[in-house]
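Heads up, the thing below is written out as structure tokens.
Where a number appears in this text, it was derived from the coordinates with a stated rule and is not lab data. Worth saying up front: this structure is predicted, and the values here are computed from it rather than measured. Cβ atoms come from the backbone with ideal geometry, glycine included; neighbour counts cover every protein chain shown.
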Amino acid sequence: MNYRQPQTLASIIQAAGVFADLYLKASLAPANTLTGWSLDDRDPQVIEQLMPFFDWVYRDYFRVQTDGWEQIPKTGKALLIGSHNGGLATPDTVMMTYDWFRQFGTERLAYALMEPKIWQFLPGLGRLSAQVGTIRPHPDLIRAALRRDAAVLIYPGGAKDVFRPYYLRNKIYFHGHKGFIKLALAEEVPIIPFISYGAHSTLIVLADIYPQLQQLHQWGLPWLEGIDFGVFPIYLGLPWLVGVGPLPNIPLPIKLHTRVCPAIMFERYGESAARDRQYVEQCYRQVCQQMQQELDRLVREEEKSKFRFCGF
């Protein structure tokens, strides 16, 4: 699908205005709507309206390079598993979502899981995301989506992954979360990995001081906005310069490279396989190892490219 429009200042302002208008409408929507609990909240017309704005973000702000989309079957269900980067802005997730619609159109069913606390902390973002296809991470909801032959994008590492310290930027960091393995086995669907390079440099996470604040909370210190996100990063980035806590951020315009990797298949599938803890652990290690190998390869490619660019 071609969403490329002439990039004049007027067209960029117009596209940004459409985005702002849709965000405002979502913010003002009734609290009991667009909650992420329904697969039917997804609205292809809203997605179409957003595409020109994200086309500019994709091509001119992040200058995205992408490859591997031939790994995804043209039809049918798919379980897309990603490594999360870049704070609440999650630029790699947003850009890969844009690429999905660019590759397959807005009508092909696709959903992405999002942290439920976003609907509480940033309700406008949560409701607008629901219109794009974001749902809550509940197993029954994910199974229902897969049984509609939809693609489901999951970032197993969640908040701890997206705010992992900068020195872990090139590491697969799922924090031991294995629910996606059980889903893949029970629903008999292969796992297709999504990886990226550059997104974790759009802000620089120095540390996560959640364990220390958790202790202070037990002594009576309230959480920010009364919400326990499970992380409390200190990071360098816009607009705060020094951000403290899981605050929204404006990602730096770092060039991104995203990649869809070959599908990962397991030897056994079915409910019995999904209930076998030892086998689930084995499959989990297999996914982490293969994704780490793919990410290491992408990092080497990018670093070699930078080396050539510098004239060496």
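The slack in the chain from residue 120 to residue 49, taken as 0.36 nm per residue of separation less the alpha-carbon distance, amounts to 23.1 nm. Within the chain, the selection of entire DSSP H helices by a Cα span of 27 Å or greater along the long axis and an average Kyte-Doolittle value of at least -0.5 returns 9-28. Between the beta carbons of residue 250 and residue 178, assuming R0 = 41 Å, the FRET efficiency works out to 0.75 to the nearest 0.05. Just check the range 126-224 against the gyration tensor rule for me: Cα atoms, a ≥ b ≥ c as the square roots of the eigenvalues, rounded for a/c under 1.5, and otherwise prolate or oblate depending on whether a/b exceeds b/c. In terms of gyration-tensor shape, prolate.
For the range 55-185, what is the charge dipole size about the Cα centre, in debye to the nearest 20, if Lys and Arg each add +1 at the Cβ and Asp and Glu each add -1 at the Cβ? The calculation lands at about 420 debye. Which shape class applies to the chain: rounded if a/c is under 1.5, otherwise prolate when a/b exceeds b/c and oblate if not, where a ≥ b ≥ c are the square roots of the Cα gyration tensor eigenvalues? It is rounded, given that a/c, with a ≥ b ≥ c, falls under 1.5.
Give me the number: length gained by fully extending residue 240 to residue 218, i.e. 0.36 nm times residue separation minus the C-alpha to C-alpha distance, one decimal in nm.
5.1 nm
Taking 26 Å as the limit for the C-alpha separation, the pairs 182/255; 77/178; 182/304; 74/304; 77/182; 25/117 exceed it in the case of 182/255; 182/304; 74/304.
Residues of the range 158-175 falling in the label zone of residue 304, defined by backbone nitrogen less than 20 Å from a point 7 Å along Cα to beta-carbon, are 170-171. The Cα center of the range 113-153 and the Cα center of the range 5-73 differ in position by 16 Å. What are the GluC sites (Glu not before Pro) within the range 26-123 that DSSP puts in a loop, where the Cβ has at most 13 other Cβ atoms within 10 Å? The qualifying sites are 107. The Cα atoms of the range 59-174 give a gyration tensor whose axes a ≥ b ≥ c have a/c under 1.5, which makes the shape rounded.
Separation of the range 232-300 from the range 159-208 is 2 Å, based on Cα centroids. Between the beta carbons of residue 31 and residue 263, assuming R0 = 41 Å, the FRET efficiency works out to 0.55 to the nearest 0.05. Highest mean packing first, where packing is the average number of other Cβ atoms within 10 Å per residue, the peptides 238-245, 188-195 line up as 188-195, 238-245.
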